[in-house]
Each structure stands twice: as C-alpha cells, then as structure tokens.
1. In a shell of Cβ-Cβ distance under 15 Å around ARG30, excluding ARG30 itself, what net charge do Lys and Arg (+1) and Asp and Glu (-1) give?
2. Relative to the present Cα-Cα distance, how much length would full extension add between ASP45 and GLU8 at 0.36 nm per residue of separation?
3. How would you classify the chain from its alpha-carbon gyration tensor, with a ≥ b ≥ c the square roots of the eigenvalues: rounded for a/c under 1.5, else prolate if a/b is greater than b/c, otherwise oblate?
4. Would you kindly state how much longer the chain becomes between LYS72 and ASP15 on full extension, computed as 0.36 nm times their sequence separation minus their alpha carbon distance, in nm to one decimal?
5. Assuming 0.36 nm per residue, please report the length gained on full extension of the stretch GLU32 to LYS59 beyond their Cα-Cα distance.
6. Using only Cα atoms, find the angle between the long axis of helix 63-73 and the longest principal axis of the chain, and express it within 0 to 90 degrees, rounded to the nearest 10.
Amino acid sequence: MAEPLRIESGELTVDEILDALREGRRIVVRAEMLGGTHEVTLRHDGSIFYCDTPTTLHKHEDEDGMRNCVVKMGYARDE
C-alpha cells in the first residue's frame, strides 16, 4: 500500500482531495477539532467513501456525500 498523502486542513481544494481519493490514495488531514489538532483519514474503497475521525467513522455512499462532508468539516481550501 502506498504512503498516505498527508495534508493540513485547507491545503487542497475539494476537487483535488476527491481526485486523489478516486486514484486510490488515502489522505491524512491534520485538522483542528475537539480543542486540539487531530488526524482524520479520508479514503475510498471503490464504492464507499470513508471519513475516519478521532470519534467516528463516517461513510458516504457517493462522491456528493463525501464532497459535502469535506466542505462542511473545513478539510478543503475554498475554491
């Protein structure tokens, strides 16, 4: 398995994040949440998108769901 792509929140656009996920990359995002800095892992298994946070594993059935999550949580840079 390839090394994950490690980024800071806001470093990439949502389209750049989704492109990397579709290519099979895992993305580890350093994000400010819960009063500290935490790592969130984003991945795609070919059918389901996953957002693994320190407290919950979110699953998204389609790209639109993942796009909305990435934007809502502030992981992507504003376009």
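Laboratory data are not the source of any read-out in this text; all were calculated from the coordinates shown. A quick note: this is a predicted structure, and the numbers were derived from the prediction, not measured. We place every Cβ from the backbone using ideal geometry, glycine too, and count neighbours over all the protein chains shown.
1. Counting the neighbours of ARG30, the net charge comes to -2.
2. Values: separation 37, 0.36 × 37 = 13.32 nm, distance 2.24 nm.
That pair, ASP45 and GLU8, stretches by 11.1 nm at full extension.
3. Values: a/c = 1.31, a/b = 1.28, b/c = 1.02.
Judged from the Cα gyration tensor, the chain comes out rounded (a/c under 1.5).
4. On the way: separation 57, 0.36 × 57 = 20.52 nm, distance 1.42 nm.
Length gained, LYS72 through ASP15: 19.1 nm.
5. Values: separation 27, 0.36 × 27 = 9.72 nm, distance 2.08 nm.
Separation in residues times 0.36 nm, less the Cα-Cα distance, equals 7.6 nm.
6. In the chain, helix 63-73 runs at an angle near 10 degrees to the longest axis.
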